[in-house]
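Note sheet for the following structure.
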Amino acid sequence: MTCGLFGQICLISKGVNLGAQNKFLKKKLDINPKLVQNIKLAEVATGIGTENVRAPRLPLFGKEREHVINIIKEGLRTRPTLPDYKNLSAIV
């Protein structure tokens, strides 16, 4: 099982060390005025949504878009694999 971006943020806020992923999340995509656009772009990058946003928001473009795409790619590349949460008692 893998953990999504906001799931990872929750784990880190609870003190779980996700190694390289902690560094990725320090890029602060979640505390940005363009949070919705960042989420929509992450959805597109993972194949689960569209980049469409409602007014007054506009999709990211140019260097800002490339910056966010690079952060998403790095996050996906270093994404941790977590144990199946339903079988945690079998592991412990």
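The values are calculated or read from the model by the stated rules, or taken from the named source; none is laboratory data. All of these numbers come straight from a predicted model, not from anything done at the bench. Here the Cβ is made from the backbone with ideal geometry for all residues, glycine too, and neighbour counts use every protein chain on show.
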Residue ID - farthest from L35 (Cα to Cα), chosen from residues in region 48-68 that are β-branched (V, I, T) and either at pLDDT 90 or above or not in a helix (DSSP H, G or I) (or both): I48
Residues being of a type in the set (A, V, I, L, M) and surrounded by 14 or more Cβ atoms within 10 Å (Cβ to Cβ) - total across region 38-59: 6
Residues that are charged (D, E, K, R), outside any loop (DSSP other than H, G, I, E, B) and surrounded by 11 or more Cβ atoms within 10 Å (Cβ to Cβ), drawn from region 70-84: K73, E74
